[in-house]
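Read through the structure below, which is laid out as structure tokens, and then see the notes.
The values are calculated or read from the model by the stated rules, or taken from the named source; none is laboratory data. Keep in mind that this is a model prediction, so the values were computed, not measured. Don't worry about glycine lacking a Cβ; one is built from the backbone with ideal geometry, like all the others, and counts go over all protein chains shown.
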Amino acid sequence: MTEKKRVWLFPFVIGILLILLFFWGWFPRWKNDKELDALANQKDPPRVTILQIQPNTEPIALVLPSSAQAWHYTPIWSRVNGYIIRYLVDIGDVVKEGDLLVEIDTPETDEQLAEAKADLLNAIAERDIAKITSDRWQQLWNKNPEAVSKQEVDQYNANLKSAEAIVLMNEKNVARLTYEQQFKNIYAPFDGVITQRSIDIGSLVYGTVNGNPQELFQMTQTGIIRFFVYVPQTYYKQIKEGLEAEVTIIELPGKAFKGLVTRFAKALDPTARTLLTEVDVENKEGLLYAGLFGKARFLMKPNEINFIIPTTAVIIRSTSPQVAVVDDQNIVHLKKVQIGRDYGDKMEITYGLEPNDRIVVIPSDAIIEGTKVQILN
């Protein structure tokens, strides 16, 4: 063998040896993997417990804090200037509509009314004179147009109209002051309770625009109590007029007051994302006071199909929440779902599931898309 052939043969032999060494190490691994795959194929499918779901028809119980306000709340002011002669009611007194609350001495208004009446009498007298004069000149003109000038007749007729206008003005002034004088006595505007008194005997009160008006009383009507509730955006679609509610007060244990939603704001607060809702409650026994803090409980019917499923059935992985649904061939399909309310051991699903879906109650990590499962009875 020549030197040149030896040089070429040596690398060839080395290559053959390396290939043999590779197959010697790779073949046992390949054989082992095949055996493992065979064992895996012989392994039983995952066994799971399933639940066939139906739409939730139970009403939603929503409990929210609420604040009580009177049906009517009215501060009582004076309409005239004067001094308090006497008041007939005090804090906590129950009054009826039309009951006398306070009497006010109004010397200024009385004097203005007397002066206005005197001005009216004077204006009437001047009107009567103007009428007599106008009638006389008109008669003269009618008998002999050359005896008097037409200008003088028109002048006296105009004087009569001016005098009549002055009488009318004074009559209106007397009527205004007479009406204003009626506010010497202040009466209850409705059935209610006096919740505050801000005057005493001899107090000076103002009712004029330029004065400093003083509040005399505060009155509330509590035959019906308004409870105001701020409903979160999640539930705003369920709020309807006539929706029943139940109000409880912690200081009145064992009592639940039935009420109805009578009105609600047709807009949500842009900051809190809540809907202001009013619940009216009858208060015949007078147990409810304005200003109380309570809790309003609503029972709402779901507007859309939703499902209540065990919390364990929801798969939270790197993607969106999913639920494992088993088809008729016992093959798993992972459905993306939208979670509504969280009840702790249960969750509300508002989107992603269908009635009669069979879901895996406790899916393991082996439950993936396309997995064939064995259902436990």
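Could you tell me whether ILE194 is among the β-branched types (Val, Ile, Thr) and either touching a strand residue (DSSP E or B) at 6+ places or on another chain (Cβ under 9 Å) or not in a helix (DSSP H, G or I) (or both)? Here the answer is yes, as ILE194 does meet what is asked. Give me a count of the residues in segment 332-371 that are closer than 15 Å to PRO46 by Cα and of a type in the set (S, T, N, Q). Going through segment 332-371 one residue at a time, the tally reaches 2. For residues that are of a type in the set (Gly, Ala, Ser) and either exposed (fewer than 13 other Cβ atoms within 10 Å of the Cβ) or in a helix (DSSP H, G or I) (or both), tally how many sit in segment 276-292. Residues that pass the stated criteria total 2. Of all residues in segment 351-375, those satisfying the criterion of being over 13 Å from LEU51 (Cβ atoms), assigned to a loop (DSSP other than H, G, I, E, B) and among the polar types (S, T, N, Q) are SER364, THR371.
ALA147 - would you say it is assigned by TED's automatic domain parsing to the domain that holds GLU126, at negative phi, out of contact with any strand residue (DSSP E or B) (no Cβ under 9 Å at 6 or more places or on another chain) and not in a helix (DSSP H, G or I)? Against the criterion (assigned by TED's automatic domain parsing to the domain that holds GLU126, at negative phi, out of contact with any strand residue (DSSP E or B) (no Cβ under 9 Å at 6 or more places or on another chain) and not in a helix (DSSP H, G or I)), ALA147 qualifies.
Criterion first (in contact with a Phe, Trp or Tyr (Cβ under 6 Å, 6 or more places away or on another chain), crowded, with 17+ Cβ neighbours inside 10 Å and in contact (Cβ under 8 Å) with a residue 60 or more places away in the chain) does VAL326 satisfy it? Here the answer is no, as VAL326 does not meet what is asked. Could you look through segment 144-179, keep only residues that are within 30 Å of GLY207 (Cβ to Cβ) and of a type in the set (Val, Ile, Thr), and pick out the one that is surrounded by the fewest Cβ atoms within 10 Å (Cβ to Cβ)? Filtering first and then ranking leaves THR178.
When you scan segment 151-179, how many residues do you find that are touching a helix residue (DSSP H, G or I) at 6+ places or on another chain (Cβ under 7 Å) and more than 30 Å from VAL95 (Cα to Cα)?
Number satisfying all stated conditions: 14.
In the condition set (1) surrounded by fewer than 18 Cβ atoms within 10 Å (Cβ to Cβ); (2) within 30 Å of VAL167 (Cα to Cα), ARG127 is compliant with all but (1). A single entry from LYS335, LYS295 fulfils the requirement of being part of a strand (DSSP E or B), assigned by TED's automatic domain parsing to the domain that holds GLU244 and at pLDDT 85 or above: LYS295. When we screen ILE309, ILE305 for residues that are surrounded by 12 or more Cβ atoms within 10 Å (Cβ to Cβ), closer than 21 Å to ASN56 by Cβ, out of contact with any strand residue (DSSP E or B) (no Cβ under 8 Å at 6 or more places or on another chain) and touching a residue at least 60 places away in the same chain (Cβ under 8 Å), the only hit is ILE305. Listed by first and then second residue, the pairs with beta-carbon distance under 6 Å, at least 6 apart or on different chains, first residue in segment 125-149 and without any contact (Cβ under 8 Å) to a residue 12 or more places away in the chain, second in a helix (DSSP H, G or I) and aliphatic (A, V, I, L, M), are ALA147/LEU140; VAL148/LEU140.
Name the residues in segment 332-363 that are loosely packed, with under 14 Cβ neighbours inside 10 Å and within 18 Å of LEU376 (Cβ to Cβ), would you? ILE362 - this is the single residue of segment 332-363 that is loosely packed, with under 14 Cβ neighbours inside 10 Å and within 18 Å of LEU376 (Cβ to Cβ).
Checking each residue of segment 180-199 against the condition of being touching a Phe, Trp or Tyr at 6+ places or on another chain (Cβ under 8 Å), surrounded by fewer than 18 Cβ atoms within 10 Å (Cβ to Cβ), outside the structural domain of ILE124 (by TED's automatic domain parsing) and over 21 Å from ASP93 (Cβ atoms) gives no match. Residues in segment 314-334 that are touching a Pro at 6+ places or on another chain (Cβ under 7 Å) and over 16 Å from GLN374 (Cβ atoms): VAL314, ILE315.
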